[in-house]
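Undergrad: Before I ask anything, here is the structure I am working with.
The values are calculated or read from the model by the stated rules, or taken from the named source; none is laboratory data. Predicted, not measured: the structure shown is a model, and the values here were computed from it. A quick note on method: Cβ atoms are made from the backbone with ideal geometry, for glycine too, and the neighbour counts reach across all protein chains shown. Only protein heavy atoms, including side chains, enter the accessible area calculation; ligands, DNA and RNA are left aside. Shrake-Rupley method; radii C 1.70, N 1.55, O 1.52, S 1.80 Å.
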Amino acid sequence: MTCSINQQIIKEKIVEICSEFKNDPDDLIAILHKAQGHFGFLPSEVQQAVAEQLRIPVSKVFGVVTFYSYFTMEPKGKYPISICMGTACYVKGAEKVLGDFETKLKIKNGQTTPDGKFSLNTLRCIGACGLAPVVMIGEKVYGGVKPEDAGKIISEYKD
Amino acid sequence: MKAQQLKIALRNCGVIDPENIQDYIAREGYLALGKCLAGGSREAVVETVKKSGLRGRGGGGFSTGMKWEFAAKPQSDRKFVVCNADEGDPGAFMDRAVLEGDPHSVLEAMAICGYAIGAEDGYIYIRAEYPLAIKRLKTAIAQAEEAGLLGSNIMNTGFNFKIYLKYGAGAFVCGEETALIKSMEGHRGEPVSKPPFPATKGYRGKPTNVNNVETFANVAAIINKGADWFASIGTEKSKGTKVFALAGKVKNVGLVEVPMGTTLRELIYDIGGGILDDKEFQAVQTGGPSGGCLTVKHLDTPIDYESLVASGSMMGSGGMIVMDEDDCMVAVAQFYLEFTVEESCGKCVPCREGNKALYNILHKITHGSGTMADIDRLKELSVVIKSTSLCGLGQTSPNPVLSTINNFYDDYVQHVVDKKCRAKRCRALLEYLVIEENCIGCGACKRACPADAILGEPKKKHFIDQEKCIKCGACYQKCKFNAIAID
Amino acid sequence: MEKVTNVEQLKALQSALSKEAEQAASKKVIIRIAMATCSIASGAKPVLDFFTEEMPRQPLEFIIKSTGCTGLCHSEPTVEVTLPGKAPVMFGKVDVKKANEIVNDYIKGGKQIEGILEVSRS
């Protein structure tokens, strides 16, 4: 029952987003950006709704979602943690920083904690190489992170 | 005398308020566009850019003026100007700095390009990961339209030019212009073979000119000060300046702009201030995943397109990562290949399968099971991938492997034959040992060891069972008596 | 801003604006605070807020500009201060405490203080 309500909500939102772009398949990527911004991730129901609205095969939508690293089909944690793995961060020890976050959160890169609070992933260079190694939590950027800082940073996010 | 910076593309960065168009106008902003619209014929604009010697700053180094000329030629009802702001090179942030610090210089140049090739629509393809740059671009576009410097009938000259934003979604291959155009059209960003070039058949099948952010940032200055002025800076074949994102193990990490022909040594030591913690310089990586690692013997190489290619790297978009004695060059090659494997679009076999194979061999070597034959295989495979891949990504992806084999052959041999990593970065090749004379038998290491690999009675010398050791380094971190050595 | 309707008008506007900037530089303190992504990540926002709150309390004419990247990532947040008729001076790793020192000792007191970076603006 709840499922069908959700689908109705998804459908309405997607209709709204697509019409902003005049249902133009050229703007598929922009539409997916908006949809992910709203739902947090792009589950198959959302992809289905986008495909129907733009009158393109759902395989095409799926192909685009899986091609670009920015799009995700898995829900992220309340506080998404991204470890920068750009070259500057790499040579300054980003691997060890990632390892420490994995140990502290007891999850692997790409996973979300069971309580849905934190998710952990790596990204390719946010262009703040002067601060390497860099960790982003949500929109906040932490620079010059040392491996032993993970616990301290995580503890800033209590609720 | 110490080498100096010379700012052309970054002329306004850090000086003006990027969200205030009047600041930009005060520093000759939009005068170049005015000059073109009021006096110069379309051909004259193309000619000026051609004569200046400006070459693509995104990596390719193709003549910008010639590119404009190709896009100007075909007759078409619509044409497009595209600015490539999909800065995907790890370790590079030149474009972000220009867009955040001086967005109008890019908008003005796009309009000039539109006038020169006969286009009325411009698109900026920008990474979604750059929210601040996007915000400032939007503000700048709105201000320029309000001031009548973009939009319809600009300054009553009858010229129309509008600029729109398109967002990337994280795909390195979209830096390749045909892939970028595919992505703009809402598809997977897979490159297509050229010809036809975008200049004849690009976005929506129409003639399209694609230039990188830094390339555009030079244009207004060239129009204002003249082609001869620009051509007087730099070397014979590489004119003007280049912006570099200097990062890694260098004291002054930052964004620098130097005349072409400046040497790597001047850049790293005079401007970069030398190596962090006064360690030994080992290598400098230019050109990102498509470039190579250069070594001490290349320090006096002048920075220009041809010299960098001749020494086994390339200009690339401007990432410059300095590495010291603690970096393992084999692991660095593996790092770049891991990137390529993840970012290969998968369309052509050499890139999709070949790079994966390269990565697997490198992984074998850094984990202690490589052979001398593997090193030869790396070389052989690299040559095949370079010569048979469809686009620039695959054609350059083996460069980090080839350049490290050429310049750091001994390191490869050490990994393969001695099973050792000089820089102590390859964990699998490390050996943790107890220094007996320092060990007091406190047992801290034994308690810290997650693999129960440390044996010994309390208050007696401990030792590490190498069979069980997982090389995590926990004992090394815990020991307060310097009794654990890494070999 | 008013619409520019011809190229001559743009030229006139440009020379008026640049003259205005020159005049301002001869009598006002100009403070430039870098507000690029990396500056903000290293704490430029509170510094900018400090100057915008503190400067109006001073008996001085001033202009505060938030700019883009100065290229000095190693020393962010950076603040450039130009005293009337003087050459610009760049301060690195500025926090609110340092900003306070800049206002009181350098701008008001005319003293040389620590934290000046060696940079030349071409």
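Undergrad: For labels at B:ASP326 and B:GLU43 in the simple 7 Å Cα→Cβ model, what's the distance in nm?
TA: 6.1
Undergrad: Enumerate the amide H contacts of A:GLY144 below 5 Å, restricted to partners 5 or more residues apart or on another chain; note that Pro and chain-start residues carry no placed amide H.
TA: Counting only residues 5 or more places away or on other chains, the set is A:ALA132.
Undergrad: Here's a follow-up. Which value results when the Cα radius of gyration for the range B:322-468 is divided by 2.2 N^0.38 Å?
TA: Here the Cα radius of gyration is 1.35 times the empirical estimate.
Undergrad: Once you average over the residues of B:329-339, how many Cβ atoms of partner chains fall within 10 Å of each Cβ?
TA: Details: counts 0, 0, 3, 3, 0, 0, 5, 2, 0, 2, 6.
Average neighbour count from other chains, rounded to a whole number: 2.
Undergrad: Count charges around B:CYS426 for me, please; just the other residues with Cβ under 13 Å from its Cβ, Lys/Arg as +1, Asp/Glu as -1.
TA: On the way: positive: B:LYS364, B:LYS419, B:LYS420, B:ARG422, B:LYS424, B:ARG425, B:ARG427, B:LYS471; negative: A:GLU95, B:ASP326, B:ASP327, B:ASP411, B:ASP418, B:GLU431, B:ASP487.
Result for the local shell: +1.
Undergrad: Here's something else I'd like to know. Where the only charges are on Cβ atoms (+1 Lys, Arg; -1 Asp, Glu), what is the dipole of the range B:430-486 about its Cα centre, to the nearest 20 debye? Intermediate results must be reported in sequence, preceding the final value.
TA: Details: 9 positive and 7 negative charges, 56 e Å.
Once rounded to the nearest 20, the dipole reads 280 debye.
Undergrad: Continuing with this model, one more query. Can you pull the one-decimal nm distance between simple spin-label points at A:ASP24 and B:VAL413, each 7 Å off the Cα toward Cβ?
TA: For A:ASP24 paired with B:VAL413, the spin-label model returns 6.1 nm.
Undergrad: May I ask you to find the residues of the range C:7-36 that are shielded by at least 50 Å² of accessible area once the whole protein assembly is considered instead of their isolated chain (probe 1.4 Å)?
TA: C:VAL7, C:LEU10, C:GLN14, C:LEU17
Undergrad: Follow-up question, since we're still on this one. Rounded to the nearest 20 debye, what is the charge dipole size of the protein assembly as shown about its Cα centre when +1 sits on each Lys and Arg Cβ and -1 on each Asp and Glu Cβ? Before the final figure, lay out each step's value.
TA: Details: 93 positive and 91 negative charges, 64 e Å.
Using only the charged Cβ atoms, the result is roughly 300 debye.
Undergrad: Ignoring ligands, DNA and RNA, what percent of the 1.4 Å accessible area of chain C is carbon and sulfur? Let's see the in-between values first.
TA: Values: 3140 of 6170 Å².
After summing per-atom areas, the C and S share lands at 51 percent.
Undergrad: DSSP beta bridges in chain B, what fraction antiparallel, as a percent rounded to 5?
TA: Working: 25 of 46 bridges.
DSSP beta bridges in chain B are roughly 55 percent antiparallel.
Undergrad: Of B:LYS50/B:LYS237; A:LYS104/A:LYS158; A:LYS152/B:LYS279, which ones are farther than 18 Å apart at the Cα? List each step's numbers first, then the result.
TA: Numbers: B:LYS50/B:LYS237 13 Å; A:LYS104/A:LYS158 14 Å; A:LYS152/B:LYS279 30 Å.
Over 18 Å apart, Cα to Cα: A:LYS152/B:LYS279.
Undergrad: Classify the range B:67-223: rounded, prolate or oblate, from the alpha-carbon gyration tensor (a ≥ b ≥ c, eigenvalue square roots; a/c under 1.5 rounded; otherwise prolate if a/b is larger than b/c)?
TA: Values: a/c = 1.71, a/b = 1.07, b/c = 1.60.
Here the range B:67-223 falls in the oblate category.
Undergrad: Can you pull the mean other chain C-beta count within 10 Å for peptide B:12-25? Please list the in-between numbers first.
TA: Values: counts 2, 7, 16, 8, 5, 8, 7, 5, 3, 1, 7, 4, 2, 8.
Averaged over the peptide's residues, the number is 6.
Undergrad: Scan chain B and hand back the longest stretch that contains none of the GluC sites (Glu not before Pro) lying in DSSP loops with at most 14 other Cβ atoms within 10 Å. Spell out each step's value before the answer.
TA: Values: sites that count: B:GLU236, B:GLU280, B:GLU325, B:GLU431, B:GLU436, B:GLU437, B:GLU467.
Between exposed loop sites, the widest span is B:1-235.
Undergrad: Still on this structure: For the protein assembly as shown, what proportion of DSSP beta bridges, expressed in % and rounded to the nearest 5, is antiparallel?
TA: DSSP beta bridges in the protein assembly as shown are roughly 55 percent antiparallel.
Undergrad: Still on this model: Mind listing which trypsin sites (Lys or Arg not before Pro) in the range B:188-275 are in a DSSP loop and have 11 or fewer other Cβ atoms within 10 Å? Spell out each step's value before the answer.
TA: Numbers: sites: B:ARG188, B:LYS201, B:ARG204, B:LYS225, B:LYS237, B:LYS239, B:LYS242, B:LYS249, B:LYS251, B:ARG265; in loops: B:ARG188, B:LYS201, B:LYS237, B:LYS249, B:LYS251.
Filter output for the range B:188-275: empty list.
Undergrad: Name the residue from B:GLY175, B:THR404, B:LEU267 whose Cα lies farthest towards the positive end of the charge dipole of chain B, charges +1 on Cβ of Lys and Arg and -1 on Cβ of Asp and Glu.
TA: Checked the options; the winner is B:GLY175.
Undergrad: If the cut-off is 29 Å between C-alpha atoms, which lysines fall inside it for C:LYS3, apart from same-chain ones fewer than 8 positions away?
TA: Within the straight-line limit of under 29 Å, C:LYS3 reaches these lysines: B:LYS35, B:LYS79, B:LYS135, B:LYS138, B:LYS162, B:LYS166, B:LYS225, C:LYS11, C:LYS19, C:LYS28, C:LYS65.
Undergrad: Another one. Quick one: work out the % antiparallel among DSSP beta bridges in the range C:27-117, nearest 5. Before the final figure, lay out the partial values.
TA: On the way: 9 of 15 bridges.
Bridges in the range C:27-117 that DSSP calls antiparallel: roughly 60 percent.
Undergrad: Measuring from a point 7 Å past the Cα of B:ALA231 along Cα-to-C-beta, which residues in the range B:44-60 have an amide N at less than 17 Å?
TA: Backbone N within reach: B:44-56.
Undergrad: Let me ask something additional. For the protein assembly as shown, build the charge dipole from Cβ charges (+1 Lys, Arg; -1 Asp, Glu) around the Cα centre, then report which of C:PHE50, B:ASN218, B:CYS421 sits farthest towards its positive end.
TA: It is B:CYS421.
Undergrad: Sticking with this one: Carbon and sulfur together cover what percent of the accessible area of the range B:39-138 at a 1.4 Å probe radius?
TA: Numbers: 1470 of 2770 Å².
Answer for the range B:39-138 is 53 percent, counting heavy atoms of protein chains only.
Undergrad: Mind listing the long-range amide H neighbours of A:CYS125? Cut-off is under 5 Å, sequence gap 5 or more, other chains count too, H placed in the peptide plane at 1.01 Å from N.
TA: Close amide H contacts, sequence-distant or interchain: A:MET85, A:GLY86.
Undergrad: Computed on protein heavy atoms with a 1.4 Å probe, what is the summed buried accessible area for the chain pair B and A, in Å² to the nearest 100? Mind dumping the intermediate values first?
TA: Working: alone 20590 and 9490 Å², together 27130 Å².
The buried area between B and A, both sides summed, comes to about 3000 Å².
Undergrad: When the dipole is taken about the Cα centre of chain B, and only Lys, Arg (+1) and Asp, Glu (-1) are charged at their Cβ, what size is it in debye, to the nearest 20? Before the final figure, lay out each step's value.
TA: Values: 58 positive and 58 negative charges, 121 e Å.
The dipole of chain B has a size of about 580 debye.
Undergrad: Send over a whole-number figure in Å² for the accessible area per residue of the range C:27-117, probe 1.4 Å. Intermediate results must be reported in sequence, preceding the final value.
TA: Numbers: 3890 Å² over 91 residues.
Here the per-residue accessible area is 43 Å².
Undergrad: Right, here's the next one. Exposed loop GluC sites (Glu not before Pro) only (DSSP loop, at most 13 other Cβ atoms within 10 Å): please give the longest stretch of chain A free of them, not including the sites.
TA: A:1-138
Undergrad: Please compute the contact order of chain B in relative form: average sequence separation of alpha-carbon pairs under 8 Å and at least six residues apart, divided by the residue count, as a percent. Write down the numbers at each step before the final one.
TA: Details: 1023 pairs, mean separation 67.4, N = 487.
Rounded, it is 14 percent for chain B.
Undergrad: Follow-up question, since we're still on this one. Under the rule of at least 5 residues apart or a separate chain, name every residue whose amide H is placed under 5 Å from the amide H of B:LEU165.
TA: Here B:ILE124 satisfy the definition.
Undergrad: Turning to a different aspect of this structure: Compute the long axis of helix C:44-54 from its Cα atoms, compare it with the longest principal axis of the Cα atoms of chain C, and write down the angle in degrees, 0 to 90, nearest 10.
TA: 80
Undergrad: Within the range C:1-92, report the trypsin sites (Lys or Arg not before Pro) that DSSP leaves as loop and that have at most 16 other Cβ atoms within 10 Å.
TA: Working: sites: C:LYS3, C:LYS11, C:LYS19, C:LYS27, C:LYS28, C:ARG32, C:ARG57, C:LYS65, C:LYS86; in loops: C:LYS3, C:LYS28, C:LYS86.
Here the sparse-neighbourhood loop sites are C:LYS3, C:LYS28, C:LYS86.
Undergrad: How many partner chain Cβ atoms sit within 10 Å of a residue's Cβ in peptide A:130-138, on average, as a whole number?
TA: On the way: counts 20, 9, 6, 0, 2, 0, 2, 0, 0.
For peptide A:130-138, the averaged partner shielding equals 4.
Undergrad: Helix C:7-27 sits at what angle to the longest principal axis of chain C, using alpha carbons and giving 0 to 90 degrees rounded to 10?
TA: Between helix and principal axis, roughly 30 degrees.
Undergrad: Take B:GLU342 and C:ALA24, extend 7 Å from each Cα along the Cα→Cβ direction, and tell me the distance between the two endpoints in nm.
TA: For the pair B:GLU342/C:ALA24, the computed spacing is 4.4 nm.
Undergrad: Same structure, new question: Sorted from largest to smallest, which semi-axis lengths in Å does the alpha carbon gyration tensor of the range B:254-324 give for its equivalent ellipsoid, taking the root of 5 times each eigenvalue? All intermediate terms of the calculation are to be shown ahead of the outcome.
TA: Values: eigenvalues 61, 35, 26 Å².
Rounded to whole Å, the semi-axes are 17, 13, 11.
Undergrad: Given 10 °C and 1.306 mPa s, compute D for the protein assembly as shown with the Stokes-Einstein relation, Rh being the Kirkwood radius over Cα pairs; round to the nearest whole µm²/s. Before the final figure, lay out the partial values.
TA: Values: Rh = 27.8 Å.
Calculated translational D: 57 µm²/s.
Undergrad: Over the range A:79-155, give the accessible area per residue in Å² for a 1.4 Å probe, as an integer. Numbers along the way, then the final one.
TA: On the way: 3100 Å² over 77 residues.
Per-residue value: 40 Å².
Undergrad: Moving on to the next point. Take the alpha-carbon centre of the range A:9-35, take the same for the range B:67-90, and report the distance between them in whole Å.
TA: 27
Undergrad: When only C-alpha pairs under 8 Å and at least 6 residues apart count, what is the relative contact order of chain A, in percent?
TA: Values: 213 pairs, mean separation 29.8, N = 159.
19 percent.
Undergrad: Then there's this: Compare each residue of the range C:39-53 in its chain alone against the assembly with all protein chains, and report those whose accessible area goes down by 10 Å² or more; 1.4 Å probe, heavy atoms.
TA: By number: C:ILE40, C:ALA41, C:SER42.
Undergrad: Okay, moving on. Do any of B:LYS73/B:LYS347; B:LYS420/B:LYS468; A:LYS76/B:LYS251 go past 27 Å between their Cα atoms, and which?
TA: Numbers: B:LYS73/B:LYS347 31 Å; B:LYS420/B:LYS468 18 Å; A:LYS76/B:LYS251 37 Å.
As for pairs spanning more than 27 Å Cα to Cα, those are B:LYS73/B:LYS347; A:LYS76/B:LYS251.
Undergrad: Using only protein heavy atoms and a 1.4 angstrom probe, determine the accessible area buried between C and B, summed over both sides, in Å² to the nearest 100. Could the numbers behind the result be given before it?
TA: Details: alone 7760 and 20590 Å², together 25550 Å².
Chains C and B together bury approximately 2800 Å².
Undergrad: Then there's this: Could you look at the range B:342-487 and say what percent of its accessible area is carbon and sulfur, using a 1.4 Å probe and all protein chains?
TA: Working: 4030 of 7720 Å².
With neighbouring chains kept in place, the figure for the range B:342-487 is 52 percent.
Undergrad: Taking the range B:22-73, which chymotrypsin sites (Phe, Trp or Tyr not before Pro) meet the DSSP loop condition and have no more than 15 other C-beta atoms within 10 Å?
TA: Answer in residue order: B:PHE62.
Undergrad: Roughly what angle does helix A:28-39 make with the longest principal axis of chain A, taking Cα atoms, 0 to 90 degrees, to the nearest 10?
TA: For A:28-39 against chain A, the angle is about 70 degrees.
Undergrad: Using a Förster distance of 51 angstrom, determine the FRET efficiency expected from the C-beta separation of A:ARG55 and C:VAL96, and round it to 0.05.
TA: Calculated transfer efficiency: 0.35.
Undergrad: Which percent of Cα pairs goes in each bin when the distances of chain B are cut into 20 angstrom slices starting at zero?
TA: Over chain B, the share of Cα pairs per 20 Å bin runs 22, 48, 22, 7, 0 percent.
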